[in-house]
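K.L.:
Before I ask anything, let me first share the structure, which is written out below as structure tokens.
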Amino acid sequence: MKSKASILSILALVVVILMGIGYLVVGADILPSNSMSRHGWIALGLGTGFSVVVGAALAAVLIISRRNGYDEAAHEVYRKFDNRED
């Protein structure tokens, strides 16, 4: 049996998704009918793709540096600070 917190989280997620779909269905007719040019769509696609690539690269660098121990020196400073008695 799932806990109440996980059931409430799933229920909240479903409600948010349904509200978003409802906004897309109802709100699409309310917005003015301005269309984006082909160059706008290309710029949007390139910008989104570039952002995803940069985010993935930064996440990979974070994981690789953590696994290889490159950030242990930074953690050691905090360990010394926490173990120091006042």
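K.L.:
Evaluate the following for residue 79: is it surrounded by 10 or more Cβ atoms within 10 Å (Cβ to Cβ), basic (Lys, Arg), over 20 Å from the mean Cα position of the chain (by Cα) and assigned to a helix (DSSP H, G or I)?
P.N.:
Against the criterion (surrounded by 10 or more Cβ atoms within 10 Å (Cβ to Cβ), basic (Lys, Arg), over 20 Å from the mean Cα position of the chain (by Cα) and assigned to a helix (DSSP H, G or I)), residue 79 qualifies.
K.L.:
Kindly provide the set of residues from the stretch 30-57 that are surrounded by fewer than 10 Cβ atoms within 10 Å (Cβ to Cβ) and assigned to a helix (DSSP H, G or I), ordered by number.
P.N.:
Once the filter is applied, which keeps residues that are surrounded by fewer than 10 Cβ atoms within 10 Å (Cβ to Cβ) and assigned to a helix (DSSP H, G or I), the stretch 30-57 yields 30, 38, 39.
K.L.:
So residue 67 passes all but one of these: (1) surrounded by 10 or more Cβ atoms within 10 Å (Cβ to Cβ); (2) in a helix (DSSP H, G or I). Which condition number does it fail?
P.N.:
(1) is the only condition that residue 67 fails.
Values in this text are rule-based calculations from the coordinates and carry no lab data. Values in this document were obtained by computation on a predicted structure and should not be read as measured data. Using ideal geometry, Cβ is built from the backbone for each residue, glycine included, and neighbour counts are taken over all protein chains shown.
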